[in-house]
Structures are given as C-alpha cells and as structure tokens.
1. Between LEU421 and SER226, what is the label-to-label distance in nm when each label sits 7 Å out along the Cα-to-Cβ direction?
2. With each pseudo-label sitting 7 Å past Cα toward Cβ, what's the THR357-LEU371 distance in nm, one decimal?
3. For labels at LEU321 and VAL44 in the simple 7 Å Cα→Cβ model, what's the distance in nm?
4. To the nearest 500 deg cm²/dmol, what mean residue ellipticity at 222 nm is calculated for the chain from DSSP H runs of n ≥ 4 alone, each contributing -39,500 (n - 2.57), summed and divided by the residues?
5. Could you derive backbone 3J(HN,Hα) for the stretch 205-221 from the dihedral phi with the Karplus parameters 6.51, -1.76 and 1.60 (θ = phi - 60°), listing whole Hz in sequence and x where the residue is Gly or Pro?
6. Per residue of the stretch 81-88, what does 6.51 cos²θ - 1.76 cosθ + 1.60 with θ = phi - 60° give for ³J(HN,Hα)? Whole Hz please, x for Gly and Pro, Karplus curve as stated.
7. Tell me, what is the FRET efficiency for ASP330 and PHE100 to the nearest 0.05, using R0 = 60 angstrom and their Cβ-Cβ distance as r?
8. For a quick check: with amide H placed at 1.01 Å from N, whose amide H comes under 5 Å from GLY81's, ignoring anything fewer than 5 positions away on the same chain?
Amino acid sequence: MRTTSSTHLTSRATPETGTRILGLPAWAFIFLLSFAIRAILLAVWVSNHQDFYRLGGEIGRVALTLCRTGQFADPYMIPTGPTAHPTPLSPALLALICHFLGITEAAGYVCAMVGIASYSTLSALMPWLARELGMGARAGILTGVFCAIIPMQGLGEAIGLGAVAHASLAFALLVVAFLRRWRAARASAVASMMLGLACGAAFHVLPPLLLVVLGYLIFELGWKRSRRQVLLAACVAAGAILACIPWTWRNYAALHGLFFIRSNFGLELRIANHPGADADIEVTLARQGTLRHPSENLDEARLVRDLGEAEYNRRARDEALEWIRTHPADFLRLTWMRFLHFWCGPLRYPWLAALYTALTVLAILGLSGILRTADAPGRAALLIPLVTFPLVYYIVSYVEHYPAPLSWLLLLLAASGIRRLI
C-alpha cells in the first residue's frame with residue numbers, strides 16, 4: 001500500500017504537469033481551443049436561426065414561469081401547477097439571466113457563453129483529472145484536446161446552458177474528492193460533513209450520483225473497518241441529507257409528496273415499460289406516433305393539472321410496475337437492450353453505435369491496465385461509478401444524453417487504452 005501511494009504522489013510531480021502547447025499551459029490551450037470552436041458554431045447557428053434565444057422545452061417553460069410568477073411550475077404543454085420534473089439549477093439559472101436581460105438576443109448569448117465556458121472548463125480539466133486518477137497527464141491532454149475539437153453533445157455545447165457539462169463537472173469533482181479523502185492521512189468530521197454537503201448539492205444537478213456516493217460509502221466501511229470510519233461516513237450522509245432538506249421540503253409543501261430531487265420517475269418508468277415500448281425512446285415515438293408524456297400529449301397534461309404532479313407520477317409508476325409484474329420476460333429483454341444502448345450507443349444508427357462501442361472497448365482496455373497497478377482506493381474510485389451510475393438507466397428508456405455525464409471518465413480510460421496500445 002505504501003509503495004502504491006508513494007507512486008501516486010510522485011506521478012503528480014512528473015514533468016507532465018508542466019506540459020505546454022504552443023507556449024501555453026496545456027489546460028489554457030485546451031480551454032481556448034474549445035471555447036473558440038464552440039463560439040464559431042454559435043455564430044454559424046445564430047446566422048441561420050434568428051430566434052435562437054426563445055425559451056422552449058420543460059426547462060424553458062419552467063424558467064419562463066419563474067420569470068413571470070416566481071413559481072417553479074408549468075413544465076408541460078399547458079399550465080399544470082408546481083413541478084419538480086427538471087432539476088432546479090438549469091431553470092433557475094436561465095430565469096435569472098432572463099430576469100435581468102429579458103427574453104432577448106443578449107440573454108441568449110449570455111446563456112450560450114455560460115454553456116460554452118462550462119464545456120471548455122470540463123475539457124481543460126482533463127489533464128488534472130487524469131493525474132488525480134493515476135492515468136498520467138498525457139492521457140488527459142489527449143482527452144482534453146479531443147473534447148475541445150469534437151463537441152460530443154453536438155450543437156448543445158454551443159447554444160445551451162451546458163447542463164451536461166455541469167453534471168459532468170459535479171460527477172468528476174466528487175470522484176476526485178472521495179479519492180483524495182481515502183488517501184488522506186486522517187479525515188476529519190468537519191471535512192466529511194463538507195463533503196456530504198457537496199454531495200447533496202451535486203444530487204440537485206445529477207440525481208443518479210446518489211448511487212455512486214452510496215457505493216463509495218459502502219466501500220469505505222468495508223475497507224476501513226473501524227468505529228471512527230462509521231462516524232465519518234455518517235457525517236458524509238448527514239451533510240448530504242442536510243443539503244437536500246430545503247428542496248425536499250419545498251417539493252413536499254408544493255406537490256404533497258416525498259421523492260428524491262425529481263418527481264418524474266414514475267412517468268419515465270411507464271414510458272419505458274408498456275406494450276409496444278422499445279429500449280430507445282425515439283424508436284418508441286416513431287412506432288407509436290406519440291408518447292404518453294405531458295410535454296406532447298394534451299390529455300396527459302390535463303391529467304397532471306387535475307391530479308397534481310406527484311399523484312400523476314404515482315399512478316404512472318404503479319401502472320408500469322403492474323406491467324413489469326405481468327410481463328417479466330419483456331421487461332428483462334428491454335432491460336438488456338437498454339444496457340446495450342447505454343454502453344454501445346443508439347443502435348438505430350449503426351455507424352454511431354460502432355463509434356460508441358469502440359470507445360467502450362478502449363475504455364475497458366485502459367481500465368484493465370490501470371487496475372493492475374492501482375491501490376484499493378484507486379480501483380474503487382474508477383469501478384464504482386462505472387457499476388452504479390448506469391443502474392437507473394437500465395430500467396428507463398434510452399435517451400442519448402443519459403450516458404453523457406459518464407463520458408469524461410470513459411474518454412480518459414479510452415485515452416489510457418490508446419496509450420497502452422501504442
């Protein structure tokens with residue numbers, strides 16, 4: 001253990017940390033390259049879409065309601081009342097920008113700049129993340145330059161607020177925080193509570209991180225079996241609960257229901273598990289012509305308005321669970337196909353699925369090499385997110401942005417795999 005830890009600490013002081021590209025520190029070059037490419041994409045898009053700043057979708061509708069009434073409400077086709085369908089950060093940030101600038105081109109540009117800066121920051125952090133996770137800065141530089149040149153989320157990296165980037169940043173920083181905690185000489189109760197508060201804040205950006213944090217805490221308790229470690233893990237849990245109390249109380253008061261961060265799990269479960277459903281939501285939509293979703297089905301939106309969002313989702317959940325109970329074979333088939341979609345990409349586009357599959361294979365190759373030399377914390381930091389984060393996405397329909405918050409880790413592992421091949 002001592003040898004492995006000293007090797008890890010030494011890797012931070014290697015000449016890789018001072019790598020420069022065209023006279024700039026690697027992170028600065030990557031940030032500027034990423035920012036420039038996405039700014040050009042924004043300019044091209046705006047030249048052909050003069051109304052790019054208009055608010056739309058569930059996040060846009062909630063932001064519009066926030067601006068007009070101060071209520072976090074009405075994400076669907078018609079006014080349906082208080083909501084917890086989207087996570088709170090993006091609508092609140094969008095509403096704040098529009099409050100000061102109105103629904104104008106200026107607001108659209110500010111939103112786009114926030115998103116572009118967020119994606120560029122994520123790319124620029126890749127060398128640092130690679131060093132922290134024991135992959136070497138060169139793998140991080142390769143990943144950062146790749147992410148800068150190729151927008152993995154397409155135009156969404158140039159014209160949106162950067163929701164995927166925010167989720168990815170929260171994910172990456174939590175992984176590094178737990179790894180540093182495990183390698184620290186002695187953790188404190190105060191530091192554990194602060195980490196828990198950070199976890200709770202991250203849940204409000206990406207709720208499935210709860211599964212990752214639970215996996216990390218279980219590893220802690222099994223790795224360091226002591227009464228003190230139980231206390232420290234309890235402090236992390238207490239901090240996370242404390243951070244979640246305000247939003248949970250708001251949801252209970254406004255929607256009269258208890259749930260974790262978002263209210264729409266029942267709806268998503270029903271869309272994914274019903275007669276004629278496909279693993280890919282786009283295939284289901286093409287096959288059936290419409291979805292029983294309040295964002296595009298007026299009858300469903302009226303039901304949300306009449307029943308309330310919490311009760312509507314409870315009924316949708318019960319309907320889905322009943323179908324799963326009576327169709328176990330169909331559910332298992334869909335779950336397997338959703339597993340394949342998560343790791344191999346949208347199978348309806350074979351060429352794109354081939355690229356995603358290649359990324360996954362390279363990531364497995366990189367991971368196998370790292371696991372041979374990593375200590376227990378290093379292995380846990382990488383394996384637990386790969387196992388736990390996708391679990392919820394195996395039982396709901398595949399949507400292309402669902403695996404995106406994990407892409408930063410897969411790309412780093414793939415870069416390590418490429419270095420290993422070379």
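Bear in mind that the values in this text are calculations on the coordinates, not laboratory data. Remember, it's a predicted structure, so these values are computed and weren't measured experimentally. Here Cβ is always computed from backbone atoms with ideal geometry, including for glycine, and neighbour counts include all displayed protein chains.
1. 4.4
2. Between THR357 and LEU371, the label points sit 2.2 nm apart.
3. 4.9
4. So the helix-based figure for the chain works out to -23000 deg cm²/dmol.
5. These are the phi-based 3J(HN,Hα) values: 9, 9, x, x, 4, 4, 5, 5, 5, 4, x, 5, 5, 5, 4, 3, 5 Hz.
6. Those phi angles translate into x, x, 9, 9, 5, x, 5, x Hz.
7. The value I calculate is 0.75.
8. Amide H to amide H, under 5 Å and 5 or more residues apart or across chains, GLY81 pairs with ASP74.
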